[in-house]
Amino acid sequence: MRNKYKSVELFAGAGGLALGLEEAGFKHICLNEIDKFAVSTLRANRSNWNVVNLDVKELAEKDCCKFLKIKKGKLDLLSGGFPCQTFSYAGKKAGINDARGTMFFYYASILKKMMPKIFLAENVKGLSTHDNGKTIKIITDIFSSIGYCVRWKILNAWDYEVAQKRERIVIVGVRNDIKTEYHFPEKLSRKLLLKDVLVKVPASDGIKYSDEKRRVLDLVPPGGCWRNLPKDVAKKFMKGSYYLGGGKTGVARRLSWNEPSLTLTCSPCQGQTERCHPDETRPLTIREYARIQNFPDNWIFQGSVYSQYKQIGNAVPINFAKQIGLSIIKFLEKNK
């Protein structure tokens, strides 16, 4: 029976991870999110989802099992990409209190209260090397102390039918009493490019370039960046950064039809992460952003244009989430 496995998701955002997991076969018992616009997006598109608009700190302080009407240990999956703030290593052993005050702490607290069969956490690639690897060690040690066998791996969404180079750390933990090993999803053979997904995209809002910036980006070819500008234009545009060397290939970057998108961020028009349309000299629109993240065209985002970009840019690409979800269901099927 489809959607027989139950999940709870924290930090649900605009629903990218939730949609992918739903397509894989999960039924969401609860999705928790604090941002009011993201909550409006979830409720507007999925009236059947139980969307709880709470600060995760408030949820962590509750009797989560009683609040969500599910017995401890009976939940199949706890998921969510907790925002990663830095926290210090206190003492010789990493304990859950070492992370107090961080979003990770509340994720871990809810995990300890619910003790699902397996958990999933997604975060930026940099978490794996932050503070010379100390941060990820603290995180995995704390998960282990709660009672989970933890594994993590850097996965690229481009390997899972997403037209975007988006590397993320995926952390999965299996409860210690379950002896079956979890395996991360295998890479798919199909590699999507921008030309595969930005076809007949519905018209939508989008931010605009200033006249000065548009004149500069008019000079950048598809797949190019500030390094392709005439020397005098590049010096004026880059200012002091021109002499610092290094890559900075996200500056004045125009995307190419024959490549995947670079990682989408909270805005297609940021200084270090420009996402200019391959042909037209303008930032990607809301619906173009959404297509690259695999959102269906009828998934309507709420809030201002800037809030919509942020919701989409922060989302887990749906196809990526689905493949991770399928790998988790494969694991759960072996533990009926």
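Evaluation of Glu22 against the conditions (1) farther than 21 Å from Ser327 by Cβ; (2) of a type in the set (Asp, Glu); (3) in contact with a strand residue (DSSP E or B) (Cβ under 7 Å, 6 or more places away or on another chain) shows that the sole unmet condition is (1). When residues in segment 278-308 are screened for being open to solvent by 10 Å² or more (accessible area, probe 1.4 Å), in a loop (DSSP other than H, G, I, E, B) and either touching a Gly at 6+ places or on another chain (Cβ under 8 Å) or among the basic types (Lys, Arg) (or both), 3 of them pass. How many residues are assigned to a helix (DSSP H, G or I) and touching a helix residue (DSSP H, G or I) at 6+ places or on another chain (Cβ under 9 Å) when one looks only at segment 180-203? Summing the residues that are assigned to a helix (DSSP H, G or I) and touching a helix residue (DSSP H, G or I) at 6+ places or on another chain (Cβ under 9 Å) in segment 180-203 gives 2. The residue pairs whose first member lies in segment 301-322 and is under 23 Å from Ala121 (Cα atoms) and at pLDDT 95 or above, whose second member is of a type in the set (D, E, K, R) and open to solvent by 40 Å² or more (accessible area, probe 1.4 Å), and whose beta carbons are closer than 6 Å, counting only pairs six or more residues apart or on different chains, are Asn319/Glu161; Lys322/Glu23.
Here Asp177 passes the criteria (1) among the charged types (D, E, K, R); (2) open to solvent by less than 60 Å² (accessible area, probe 1.4 Å); (3) not in a strand (DSSP E or B) except the one numbered (2).
Look through segment 72-106, keep the residues that are assigned to a helix (DSSP H, G or I) and more than 14 Å from Ile169 (Cβ to Cβ), and return whichever of them is modelled with the lowest pLDDT. If we take residues in segment 72-106 being assigned to a helix (DSSP H, G or I) and more than 14 Å from Ile169 (Cβ to Cβ), then Ile96 is modelled with the lowest pLDDT. Here segment 204-249 is the region considered, the condition is being among the β-branched types (Val, Ile, Thr) and part of a helix (DSSP H, G or I), and the residue that is farthest from Pro260 (Cα to Cα) is Val233. Scan segment 148-157 and tell me whether some residue there is in contact (Cβ under 8 Å) with a residue 60 or more places away in the chain, in contact with a strand residue (DSSP E or B) (Cβ under 7 Å, 6 or more places away or on another chain) and of a type in the set (D, E, K, R). Within segment 148-157 (the criterion being in contact (Cβ under 8 Å) with a residue 60 or more places away in the chain, in contact with a strand residue (DSSP E or B) (Cβ under 7 Å, 6 or more places away or on another chain) and of a type in the set (D, E, K, R)), the answer is no, since none of the residues qualifies.
When Gln272, Gln311 are checked against the criterion of being under 30 Å from Lys6 (Cα atoms) and either surrounded by 21 or more Cβ atoms within 10 Å (Cβ to Cβ) or over 14 Å from the mean Cα position of the chain (by Cα) (or both), a single residue qualifies: Gln311.
The values are calculated or read from the model by the stated rules, or taken from the named source; none is laboratory data. Quick caveat: nothing in here was measured; it's all calculated off a predicted structure. Virtual Cβ from ideal backbone geometry, glycine too; neighbours counted across all protein chains shown. Keep in mind that these areas ignore ligands, DNA and RNA; they rest on the heavy atoms of the full protein, side chains included. Shrake-Rupley method; radii C 1.70, N 1.55, O 1.52, S 1.80 Å.
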